[in-house]
Amino acid sequence: IHKWMGVTCPFTGGAGAVINSLIGGNDFGNYRIDKLSALILAAESPSVYELLPDPGAFEGIHPPRLTFHINGSWKSMLYGSEEFVSTLKLILTNASGLYTNNNNQLSHTVNFNQRLWKRSQRIRQFLRGPIRRSDGSMLGFTVMTVSGTGILTPYDITYEKPVTAMADLVGSVPVFGFVDGDGTLKSSKNIPKTLQPYVTDSITVNAAHVDMLSDQRFFPIVRRFVGLSCSWSGQWSTTIGILYLEQHGSTVITSPTKISAVVLSGQVTGYNQTHMKGTVAASAVTGQTVLHLDLSMADNCLFMQGSWEHDFPTSQRSFEFIGRRESVQECKPDQLQPCKVPNGFGHRYCVSGVWSSECLLISC
């Protein structure tokens, strides 16, 4: 493994969502799932226990808080404390969940699963120390973490209904305190000590927990991390005619072997080389000799847009520039092209029908 990307990873646990799953039962808003079934499922689910608190996970941030009303007084504790875990065990010891489903009352005894809890602790113990080889040297991989932000996320949890026994909290309806996050997890850059030496980037995206993987803004992040970029090479249909472009490193020119509408020369920048500034000479469209370009390529590598401006006085100096990549396929998505790098060999990958500009190292 050379690169590892963690996308909306619950490094600090599931906070309000997972606590409510164990105490109240989470039906995910689906009326076909009765809450008793959801509660039984949560109490026997390994992942729920793995999402419970790790006291070492909240360095520099305020842990969530569990609050409830018992025997006439309020009791409150921080998520991640020993008191919290012992309280959760008491709540789920021979607790009887009672629900009404289709006018029928259902009852079932729910217990805190000690075996799954101990298993989750072994995993946490592993995450507390850095991963190294048997000789103590570092491993050769890099890590990027991506977390969501911009959405109200349940964090603190309060059960306001007074109870006389811990087990009476089972099935209760909570009141949440909300923080910024992805709707499921708090926005946080807290990373386990295991991975900290290998992290090269930790970023946030304004997106929901599950929706992140289908968010168009996420794809350029992935491409940048794995070393792929949008190539400007190929045939483009643009505002000023057909362009046959070639990219060599950070330089883009019109192909010397194919006739384009204009002669273009530019330099590309940006995470995925998606921004280009350059000049166009001998424009047959405007009759001018020099145009200045400022263009950006879309995240999917298929469109570009921006502006061009000429040097001569006129009532309108700046014009809109739009381009679309023509479906001329240099390659197919599963193809690789051998290439040379200093002291080794590499591959180019096929990106949107054209070869990527970078040669990625395969062997030395």
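One line per residue, one yes/no per condition, for (1) touching a residue at least 24 places away in the same chain (Cβ under 8 Å); (2) more than 20 Å from the chain's Cα centre (by Cα); (3) open to solvent by less than 20 Å² (accessible area, probe 1.4 Å); (4) under 23 Å from residue 16 (Cα atoms):
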| position | (1), (2), (3), (4) |
| --- | --- |
| 167 | yes, yes, no, yes |
| 173 | yes, yes, no, yes |
| 176 | yes, yes, no, yes |
| 185 | yes, no, yes, yes |
| 229 | yes, no, yes, no |
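When you look at residue 42, is it in contact with a Ser or Thr (Cβ under 6 Å, 6 or more places away or on another chain), in a helix (DSSP H, G or I) and modelled with pLDDT of 80 or more, yes or no? Considered against the rule, which asks whether it is in contact with a Ser or Thr (Cβ under 6 Å, 6 or more places away or on another chain), in a helix (DSSP H, G or I) and modelled with pLDDT of 80 or more, residue 42 comes out as yes. Among the conditions (1) at pLDDT 75 or above; (2) among the aromatic types (Phe, Trp, Tyr); (3) surrounded by 15 or more Cβ atoms within 10 Å (Cβ to Cβ), the only one that residue 74 does not satisfy is (3).
Among the candidates 96, 107, the residue that is open to solvent by 30 Å² or more (accessible area, probe 1.4 Å), at pLDDT below 80 and under 23 Å from residue 52 (Cβ atoms) is uniquely 96. If the condition is being open to solvent by 60 Å² or more (accessible area, probe 1.4 Å) and among the hydrophobic types (A, V, I, L, M, F, W, C), then the stretch 128-156 contributes 138, 152.
Filtering the stretch 243-265 to residues that are touching a residue at least 60 places away in the same chain (Cβ under 8 Å) and either hydroxyl-bearing (Ser, Thr, Tyr) or within 17 Å of residue 326 (Cα to Cα) (or both) leaves 243, 247.
Of the residues 60, 13, 80, only one is assigned to a loop (DSSP other than H, G, I, E, B), open to solvent by 60 Å² or more (accessible area, probe 1.4 Å), within 29 Å of residue 205 (Cα to Cα) and modelled with pLDDT under 80; which? Result: 60 is the single residue among 60, 13, 80 that is assigned to a loop (DSSP other than H, G, I, E, B), open to solvent by 60 Å² or more (accessible area, probe 1.4 Å), within 29 Å of residue 205 (Cα to Cα) and modelled with pLDDT under 80. Per the conditions (1) out of contact with any helix residue (DSSP H, G or I) (no Cβ under 8 Å at 6 or more places or on another chain); (2) open to solvent by less than 20 Å² (accessible area, probe 1.4 Å); (3) at pLDDT below 85; (4) not basic (Lys, Arg), the sole criterion not satisfied by residue 243 is (3). Taking the condition at pLDDT 85 or above, open to solvent by less than 60 Å² (accessible area, probe 1.4 Å), closer than 16 Å to residue 227 by Cα and assigned to a strand (DSSP E or B), does residue 346 pass? Here the answer is yes, as residue 346 does meet what is asked.
The values are calculated or read from the model by the stated rules, or taken from the named source; none is laboratory data. Please read all numbers here as calculations on a predicted model, not as lab measurements. FYI the Cβ positions are ideal-geometry reconstructions off the backbone, even for glycines, and counts take in every protein chain you see. Accessible surface areas use protein heavy atoms only, side chains included; no ligands, DNA or RNA. Shrake-Rupley method; radii C 1.70, N 1.55, O 1.52, S 1.80 Å.
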